[in-house]
Every structure is written in C-alpha cells, then in structure tokens.
Amino acid sequence: MIDPNTLHFLEDLAKNNEKEWFHENRGRYEEARANFIDFSSEVLEQLKTIQDDLLNTEIKKCILRINRDIRFTKDKRPYKNYFGAGFGPGGSSSGRSDFYLQIEPGGKSFLGGGMWSPSPENMAKWRQEIDYNPDALKSIIYAPEFKNYFKEIAGQQLKTKPKGYEIDHPEIDLLKYKELFFYRYYSDEEVCSENFSDEIFKACKLMKPYQDYVNELFFDS
C-alpha cells in the first residue's frame, strides 16, 4: 500500500522544489520512491494476469524519473511533485496506449489511459473507423459501468468539423476529438487504503477494452 509518508514527502517537495532541499532530504525520497515502486510492482503483477504482453515487463522500466525536463520551459523547477508509472509492454516507453498511474497529494492522484497525441496517420484511422463502425467504440465508452467510473471523455476537440466529414454527420462529436482519453482521480485517503491496488486493478480492467480498441486500430491493423 502507499504509505502516508510518501504523500507527505511529495507535499514537502512541492513547497521546496529545489536541488539543495532535495539532496538534504534524499533519504526521505529514497524511502518514498521505494514505497511507490513496491506498490506499482503489485499493480503490474495484477495486470499481467489480464494482459499477456506485459509478462516480460520489468517494474524498473515502468517507473518515470522524478527529474523534470526543463530544457524547453520557463518553469525551471527541477523535480516533479508526483510519482508516475506507465504500464505497457517493456515499460513506460512502449509507444502504445498504456495504463498510467500518478500519485500526487491533494486528491490529484489518478489512473488514466487512452488516445493521446495521435499521429496524423492514426488520427485518420480513428475517424475512418468511427465513420464506418461507430458502435464498436460507443459500446465500450458508453457502457453504463464504464461511464459510471470514468465520468467524462477527456481530450481536445476541433472547433469545427474535421476535413472530409460533414457537420451533420451523426457521430460528429466523436469525430471532432483530436485525442480521447479517460482518467479517474482518487482522494489521499483512497490512495493510502489497503485495497488501493485492487481499486487500480479494477480501473484498469474497465479501461482495457478501450485500450485494446486503440492499440488494435493503431498498431495491430
């Protein structure tokens, strides 16, 4: 389970996001990171029971670095205020639509996944599939249990119709999406509960049909 001290460390890091403080508190960081890795390892082992392409994935390949890439941003804070893990074949850099877990205090922890920043080629595949067979997608994301857990669709939409489609297309709302993903936030109390890994596994099982839909369309077709 996630130790409350892990969240406390991240809270303090958010208030003292500088290298000197981080080095002075490296012991706390190592303990918090180890706790997150242990928890994520438990999640990964659960996911391996429902996703064969994760069987050879090592947990160390799933854990994101806490250092921020500050080369191309005005925000020069050196560290992220959260721990993150991406669960995909081979780790967090699979390039596929994978499960993403982020632990951040203040009710900002979440599990997410879906279509994110697709290439123009994949965007064309997406829209063509919705045009030809919208029910395949709608049966997944509009299923009552899915909608009840992942409350709303996330992702930017075009302000007008996409090229090649009419504004009165029956699926115009879905066709406008430039990315389409889902996430669920968790309170700090939920994050530190004994059954949180089971809750994350439940969320992943609910999301898996959509992840499979995206991956089959983009990478397996």
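The values are calculated or read from the model by the stated rules, or taken from the named source; none is laboratory data. Predicted, not measured: the structure shown is a model, and the values here were computed from it. Using ideal geometry, Cβ is built from the backbone for each residue, glycine included, and neighbour counts are taken over all protein chains shown. Ligands, DNA and RNA are stripped out before the accessible areas are found, and what is left, the full protein with its side chains, is counted by its heavy atoms. Shrake-Rupley method; radii C 1.70, N 1.55, O 1.52, S 1.80 Å.
Report Rg (one decimal) and Dmax (nearest whole number) for the stretch 106-163, counting Cα atoms only, units Å.
Cα radius of gyration and Dmax of the stretch 106-163 are 13.7, 43 Å respectively.
Quick one: the Cα spread of the chain along its three principal axes, in angstroms, biggest first?
Taking the Cα atoms of the chain, the three principal extents are 59, 42, 30 Å.
In Å², and per residue, what accessible area does the stretch 1-141 have when probed at 1.4 Å with the other protein chains present? Could the numbers behind the result be given before it?
Working: 7480 Å² over 141 residues.
Spelled out: the 1.4 Å probe surface of the stretch 1-141, per residue, equals 53 Å².
Express the Stokes-Einstein translational diffusion coefficient of the stretch 1-85 in µm² s⁻¹, to the nearest whole number, given a Kirkwood radius over alpha-carbon pairs, 25 °C and a viscosity of 0.890 mPa s.
Numbers: Rh = 14.2 Å.
For these conditions, the coefficient is 173 µm²/s.
How many nm separate the modelled label positions at K202 and E18, each set 7 Å beyond the Cα in the direction of the Cβ?
Between K202 and E18, the simple spin-label model gives 4.3 nm.
Among I63, I140, I167, which one moves the most in a GNM of the chain with springs linking Cα atoms closer than 10 Å?
Highest fluctuation among the options: I167.
Run through every distinct alpha carbon pair of the stretch 128-221 and return the Kirkwood hydrodynamic radius in angstroms, one decimal place. Mind showing how you got there, number by number?
Values: mean 1/r = 0.0663 Å⁻¹.
Kirkwood radius, the stretch 128-221: 15.1 Å.
How large, in percent, is the carbon and sulfur part of the accessible surface of the chain at a probe radius of 1.4 Å?
Working: 5640 of 12120 Å².
Of the solvent-accessible surface of the chain, carbon and sulfur hold 47 percent.
Note down the nm distance, to one decimal, between modelled labels 7 Å out along Cα→Cβ at Q156 and at R33.
3.3 nm
Springs between alpha-carbon pairs under 10 angstrom, Gaussian network model over the chain: which of L54, L137, L158 fluctuates most?
L158
Taking the chain as a Gaussian network, where each spring joins two C-alpha atoms under 10 Å apart, which residue of E152, E45, E30 fluctuates the most?
Top of the fluctuation ranking is E30.
Apply the a/c threshold of 1.5 to the C-alpha gyration tensor of the stretch 51-101 and tell me whether it is rounded, prolate or oblate. Mind dumping the intermediate values first?
Values: a/c = 3.14, a/b = 2.51, b/c = 1.25.
Taking the square roots of the gyration eigenvalues as a ≥ b ≥ c, the stretch 51-101 is prolate.
Which of G84, I141, S197 sits closest to the plus end of the dipole of the chain, meaning its Cα is farthest towards the positive end, when Lys and Arg get +1 and Asp and Glu get -1 on the C-beta?
G84
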